[in-house]
Amino acid sequence: MPDIAQLAYTDRFVRDLPGDPRRDNTLRQVLRACYSQVEPTRVARPELLALVPEVCDLLGLDTAPTTELVEVLAGNRTVPGMTPYAACYGGHQFGTWAGQLGDGRAITLGEVVQAGTTWELQLKGAGPTPYSRRADGRAVLRSSLRELVCSEAMFHLGVPTTRALSLVLTGEPVERDLLYDGHPKLEPGAVVCRVAPSFLRFGSYEIHTSRDDKATLERLVRFTLERFYPHHARDGALDIPAFFDEVMRKTAWMVSEWMRVGFVHGVMNTDNMSILGLTIDYGPYGWLESFDLDWTPNITDASGRRYRFGAQPQVAQWNLAQLARALAPLVDDLDPLRRSLDAYATEFSSHYRHTMLRKLGLAGRGELATLDEDLLTALGAIMVDTEVDFPLWFRLLAQPAPTLDALAEAFYADPSRVQAAAIERWLADYAHRCRLEDLPDAERRARMDAVNPLYVPRNYLVQEVIEATERGDRAELPALLDVLRRPYTAQPGRERYARKRPEWARTKPGCSMLSCSS
Ligand code: AMP
Ligand code: MG
């Protein structure tokens, strides 16, 4: 198998798009450009903590790490064919236009062509760029490990996502104020290598429109369509409304998949929304424990709760509206963009409804639509009212003829008499509904277990792995990654990974609340 120097590199982004003429990493506004060429900054003592074999395979890279590979993944060297750059983009953060953001600590090393697909290799935490604003361009171990674990977990769960190739400790400390309370600490620094066909975001387009730079916008949109949506760029003619419609549909699907597995992104700013409908920028994300539509893992979001679990579908639509505004200068008629934006609600709800029925093992038949609606509404009310663990609830419900007792393990607090009665009524309705579909228990269970994960990177589990890794324990991270490879299959001996949140983790930082300070 080829090593890192032998992969098939290309440089489409740098070659085809306008770039910043300057090559230094001084902070600046970068105009009329989609990127700045900039080199990663060297680190002291790289130590490879993880190399993901599935992602090596995507790239056609040998899974046995060489010293040279570790140096490349740490940002200490590049190999011929690589053309490192940081992308220029803007974004709406928490609903407000924030101007130029850009890759402040991400540097794309280059693009690799393998089996007909092109993959960007991007280091996160590789040092300052022109877009680093007031920060250091570095990342800490905890946030880097969280990004690696979650992107791979999402992939194995079947949720559209960017991937992660590697995690390297830099051997250099990084100063962070975890809770923004004036107590900065030195933490181990790390670099993740992320992999995706593209890291273009809604904000990549917004920045040019915000500057009235139609020429650069046009080039970037042409690039995007020709590379990633070629069916909307036939014979050189760009069908921007059709492109927008497809991005809308991909985004609706992605968010409905988040809701299926209980993922809360935590910082759905428009600079964190992929143009390919992939989950990107794993920061202060979290996994739903008890079913709480109002939960947000991000402490920066604790007061407004803009990015709470239940708001994700609407936020995605708001973000799509910003993308539509960014594309508007390139279309003569805004109506098709408006129609797609309006169609989002129907698109999302039909995915979501179907997804929730699948979580119950039901196929959903036209003539049973009203019954299904009532069943789902009543289930939602029960889950909101009682404190049940979201993943465990659906796994336990898959048992043959489930009773209240069979669900006991899913409760964080014992249900009251009234709650218990409501659940029992619902279980009877559910059993009746299954009979109408002639659904045998074994078939129901197989369907449910295929969409309801048993193993997700629970907030407290990942925090335990972070702490173990910080202590020098090198076994916990690969063990967790391995469990998450088969999230739907019970793995004997690994029951502890499926347990609901222990009491100590209820309010612990890193478990229940996360910081952007990464
Ligand atoms: P995020 O919240 O991670 O999406 O980041 C928002 C913006 O802040 C992006 O432009 C990032 O590149 C930038 N940023 C975040 N952390 C750092 C850092 N440690 N150094 C430089 N830029 C950063
Ligand atoms: Mg970001």
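The values are calculated or read from the model by the stated rules, or taken from the named source; none is laboratory data. All values derive from a computational prediction rather than experimental measurement. Note: ideal-geometry Cβ built from the backbone for every residue, glycine included; neighbour counts use all protein chains shown. The area values use the complete protein model at the heavy-atom level, side chains included, leaving out ligands, DNA and RNA. Shrake-Rupley method; radii C 1.70, N 1.55, O 1.52, S 1.80 Å.
Quick grid of which residues meet (1) assigned by TED's automatic domain parsing to the domain that holds Met254; (2) at pLDDT 95 or above; (3) within 16 Å of ligand 2 (Cβ to nearest atom); (4) in contact with a Lys or Arg (Cβ under 9 Å, 6 or more places away or on another chain):
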site: Phe94; (1), (2), (3), (4): no, yes, yes, yes
site: Leu101; (1), (2), (3), (4): no, yes, yes, yes
site: Gly110; (1), (2), (3), (4): no, yes, no, no
site: Phe155; (1), (2), (3), (4): no, yes, no, yes
site: Val168; (1), (2), (3), (4): no, yes, no, no
site: Val192; (1), (2), (3), (4): no, yes, yes, yes
Notebook entry, point to check: Does at least one position in region 2-12 carry a residue that is small (Gly, Ala, Ser) and open to solvent by less than 50 Å² (accessible area, probe 1.4 Å)?
Noted result: yes
Item checked: Arg201 under 22 Å from the mean Cα position of the chain (by Cα) and either touching a residue at least 24 places away in the same chain (Cβ under 8 Å) or within 14 Å of ligand 1 (Cβ to nearest atom) (or both) -> yes
Margin query: Can you tell me which of (1) open to solvent by less than 10 Å² (accessible area, probe 1.4 Å); (2) more than 10 Å from ligand 1 (Cβ to nearest atom) is the one Pro80 doesn't meet?
Written below: (1)
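If you take the residues of region 83-97 that are within 12 Å of ligand 1 (Cβ to nearest atom) and open to solvent by 20 Å² or more (accessible area, probe 1.4 Å), which of them is farthest from Trp119 (Cα to Cα)? Reasoning before the result, please.
Step one: list which residues in region 83-97 are within 12 Å of ligand 1 (Cβ to nearest atom), which gives 86-94.
Those left that are additionally open to solvent by 20 Å² or more (accessible area, probe 1.4 Å): 92-94.
Values: His92: 27, Gln93: 27, Phe94: 30 Å.
The extreme case among them is Phe94.
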Item checked: The one condition in (1) assigned to a helix (DSSP H, G or I); (2) open to solvent by 30 Å² or more (accessible area, probe 1.4 Å); (3) within 30 Å of Ala398 (Cβ to Cβ) that Gly364 fails to fulfil -> (1)
Margin query: So in region 312-338, with the set limited to residues that are closer than 27 Å to Val264 by Cα and among the small types (Gly, Ala, Ser), which one is most open to solvent (accessible area, probe 1.4 Å)?
Written below: Ala321
Check: Can you name the condition, by its number, that Cys511 falls short on among (1) surrounded by fewer than 19 Cβ atoms within 10 Å (Cβ to Cβ); (2) at pLDDT below 95; (3) more than 16 Å from ligand 2 (Cβ to nearest atom); (4) in a loop (DSSP other than H, G, I, E, B)?
Finding: (1)
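Here is a yes/no grid of residues against (1) closer than 27 Å to Phe263 by Cα; (2) in a strand (DSSP E or B):
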residue: His156; (1), (2): yes, no
residue: Ser166; (1), (2): yes, yes
residue: Gly171; (1), (2): no, yes
residue: Leu178; (1), (2): yes, no
residue: Gly182; (1), (2): no, no
residue: Pro188; (1), (2): yes, yes
residue: Cys193; (1), (2): yes, yes
residue: Phe199; (1), (2): yes, no
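Looking only at residues in region 283-302 that are touching a Pro at 6+ places or on another chain (Cβ under 9 Å), of a type outside the set (S, T, N, Q) and more than 13 Å from ligand 2 (Cβ to nearest atom), which one is farthest from Ser515 (Cα to Cα)?
Residues of region 283-302 that are touching a Pro at 6+ places or on another chain (Cβ under 9 Å), as a first pass: 284-289, 296-301.
Within this subset, residues satisfying the condition of being of a type outside the set (S, T, N, Q) are 284-289, 297, 299, 301.
Still in the running and more than 13 Å from ligand 2 (Cβ to nearest atom): 286-289, 297, 299, 301.
Numbers: Gly286: 11, Trp287: 15, Leu288: 17, Glu289: 18, Pro297: 8, Ile299: 6, Asp301: 9 Å.
This residue is Glu289.
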Margin query: Restricting to region 154-175, and then to whatever is closer than 27 Å to Thr66 by Cβ and hydrophobic (A, V, I, L, M, F, W, C), can you tell me which residue is most open to solvent (accessible area, probe 1.4 Å)?
Written below: Phe155
Notebook entry, point to check: Yes or no: Asp57 outside any helix (DSSP H, G or I) and either in contact with a strand residue (DSSP E or B) (Cβ under 6 Å, 6 or more places away or on another chain) or open to solvent by 50 Å² or more (accessible area, probe 1.4 Å) (or both)?
Noted result: no
Note to self: Pairs needed: first member in region 66-95, without any contact (Cβ under 8 Å) to a residue 12 or more places away in the chain; second member anywhere, open to solvent by 10 Å² or more (accessible area, probe 1.4 Å); C-beta distance under 7 Å; at least 6 residues apart or different chains.
What the structure shows: Arg77/Glu71
Notebook entry, point to check: Would you pick out the residues in region 98-137 that are open to solvent by 50 Å² or more (accessible area, probe 1.4 Å) and hydrophobic (A, V, I, L, M, F, W, C)?
Noted result: Val113, Ala115, Ala135
Notebook entry, point to check: When region 275-285 is examined, which residues are found to be within 15 Å of ligand 1 (Cβ to nearest atom) and of a type in the set (Gly, Ala, Ser)?
Noted result: Gly283
Checklist line | Among residues of region 405-435, those that are touching an Asp or Glu at 6+ places or on another chain (Cβ under 9 Å), under 21 Å from Arg501 (Cβ atoms) and not hydroxyl-bearing (Ser, Thr, Tyr), counted | finding: 7
Item checked: Odd one out for Asp449 among (1) modelled with pLDDT of 95 or more; (2) open to solvent by 50 Å² or more (accessible area, probe 1.4 Å); (3) acidic (Asp, Glu) -> (2)
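Here's a check for you: in region 257-282, which residue that is β-branched (Val, Ile, Thr), within 19 Å of Ser144 (Cα to Cα) and open to solvent by less than 10 Å² (accessible area, probe 1.4 Å) is nearest to ligand 2 (Cβ to nearest atom)?
First, the residues of region 257-282 that are β-branched (Val, Ile, Thr): 261, 264, 267, 270, 275, 279-280.
Filter once more, so that each one left must be within 19 Å of Ser144 (Cα to Cα): 264, 267, 279-280.
Then drop every residue that is not open to solvent by less than 10 Å² (accessible area, probe 1.4 Å), which leaves 264, 279-280.
On the way: Val264: 16, Thr279: 12, Ile280: 7 Å.
Per the criteria, the residue is Ile280.
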